[in-house]
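Below is one structure; the comments refer to it alone.
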Amino acid sequence: MAEVSMKDIKLRIKSVENTRQITKAMELVASSKLRRAKERAERSRPFFSILQSVMDDISSGSDSESIFTKEKQVKNSCYIVIAGDRGLAGGYNNNVLDLAEVEMKNKNAVILPIGKKALEHFKRVGANMITSDFESVEDISVKNCHEISKVISSGFADGDFDEAYIVYTKFISVLSQEPSVVRILPVAVNKNKESKKYILYEPDSEAVFNAIIPDYIAGVLWGSVSESLASELGARRTAMEAATKNAGEMLDSLSLKYNRARQGAITQEITEIVSGSEL
Amino acid sequence: MKSFPLKIVTLDGEFFNGQVVQVSLRSIDGDVSILAGHIPYITAIGMGECRIYFEQASEPRRAACMGGILSVSNDCVRIAATTFEWAEDIDRERAFAAKKRAEEEILRKKDKINTSIAEAKLKRALTRISVADKIK
């Protein structure tokens with residue numbers, strides 16, 4: 001067995017130890033950020049459920065259809081694709097971008113990328129983008145979501161596109177995240193004719209409905225951004241946990257090798273001394 | 001005077017949850033005030049001041065409230081606002097800076113879309129400033 005020198009092994013051990021320190025730190029950072037991202041997603045829920053129930057009430061109570069709920073012949077589509085800002089998160093970015101590509105196949109699509117990885121990807125493939133302003137998914141604020149939703153809803157109202165989707169990563173648990181697609185426009189409402197309520201709308205139900213559509217979309221978007229962020233951190237945490245574990249295993253086998261090499265060197269020295277003294 | 005439960009939420013979370021006797025705010029159609037026992041009512045919120053009265057004829061708690069909906073049902077009044085800021089939390093310097101930026105943008109930009117965005121920004125800044133001024 002061609003022995004690697006003890007010095008080489010020692011160097012290697014040192015570098016693996018450094019790497020393990022980094023992956024361990026990244027794991028800890030991801031877990032603490034993950035908690036915050038999850039809380040953020042939770043906080044936005046009441047707002048969203050109020051809007052949803054109002055929209056359901058309005059559409060249950062009226063026979064006319066708003067332009068935002070009417071299905072149209074689809075010529076152009078709009079996709080909001082949410083990916084991460086950084087790599088080292090296992091398959092997180094690839095999974096969501098792959099799904100976006102599959103969904104957009106054979107469609108005339110414009111894209112609104114959120115997150116550096118999404119932006120870079122669609123730049124590379126030369127896709128048609130609405131804006132490239134949202135480079136950092138971590139810095140997206142509620143205000144940004146309202147801005148995006150205004151752009152999307154006015155684009156839809158003007159007929160620039162006939163449907164809009166969000167491609168994001170659903171947060172199922174810390175260990176599992178699933179890339180998924182939701183349609184935001186035309187808006188899906190639960191019509192329930194039997195639960196018709198007598199509610200006074202001012203100025204009228206349609207005006208109220210159209211006024212809250214941008215808020216509703218902003219709500220969906222904010223939820224998706226928060227969930228994607230939580231998923232990214234979850235994926236990174238898992239990836240870094242695995243990396244830390246692998247580094248630990250490597251260290252074990254390297255120190256075994258090191259000890260063997262050391263023992264071998266000592267044995268050889270003894271043999272040499274013994275055989276020398278016999279002369 | 002009878003009180004009723006009021007809940008105020010935005011995407012950032014819950015701002016208020018408690019009993020009040022009156023809430024006044026600006027809807028897209030003009031100012032409205034809600035008292036206890038109002039019929040089920042829904043309207044879209046405009047840009048303006050929201051006043052919450054905890055007791056009759058007392059000084060209200062003020063806030064800047066823009067966008068979203070006001071929903072009155074038999075058991076609860078809910079405000080789901082795009083932005084909601086208590087008057088004491090408004091950063092006047094930031095609001096003034098935003099006002100200045102928006103004014104400059106309106107002067108500079110010629111195309112319709114950007115001008116309307118800048119005008120909306122200006123209106124928001126002015127609303128925040130006027131609400132913040134009232135508690136001084």
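Every number in this text was worked out from the coordinates using simple rules, so none of it is lab data. From a predicted model like this one, the values you see are computed outputs, not experimental measurements. A quick note on method: Cβ atoms are made from the backbone with ideal geometry, for glycine too, and the neighbour counts reach across all protein chains shown.
Between A:68, A:47, A:122, find the one with the highest GNM mean-square fluctuation for chain A; connect C-alpha pairs within less than 10 Å. Comparing A:68, A:47, A:122 in a Gaussian network model of chain A, the most mobile one is A:47.
I need the shape label for region A:1-132. Rule: rounded when a/c is under 1.5, else prolate if a/b > b/c, else oblate, with a, b, c from the alpha carbon gyration tensor. The shape class here is oblate. Please label the shape of region A:38-77 as rounded, prolate or oblate, based on the square roots a ≥ b ≥ c of the eigenvalues of the alpha-carbon gyration tensor (a/c under 1.5 means rounded; beyond that, a/b larger than b/c means prolate, else oblate). It is oblate, given that a/c is not under 1.5 and a/b is not larger than b/c. Helix B:112-134 and the long axis of chain B differ in direction by around 50°, with both axes built from C-alpha atoms. The shape of region B:48-136 comes out oblate: with a ≥ b ≥ c from the C-alpha gyration tensor, a/c is at least 1.5 while a/b does not beat b/c. The Cys residues in the protein assembly as shown with no partner Cys Cβ within less than 4.7 Å of their Cβ are A:78, A:145, B:76.
Structure shown: which of A:75/A:116; A:107/A:170; A:107/A:150; A:38/A:75; A:70/B:100 lie over 31 Å apart, alpha-carbon to alpha-carbon?
Numbers: A:75/A:116 28 Å; A:107/A:170 24 Å; A:107/A:150 23 Å; A:38/A:75 37 Å; A:70/B:100 41 Å.
Correct reply: A:38/A:75; A:70/B:100.
Working note: Debye formula, equal point scatterers on the alpha-carbon atoms of the protein assembly as shown, no solvent; log10 I(q)/I(0) at q = 0.08 Å⁻¹ is -0.56.
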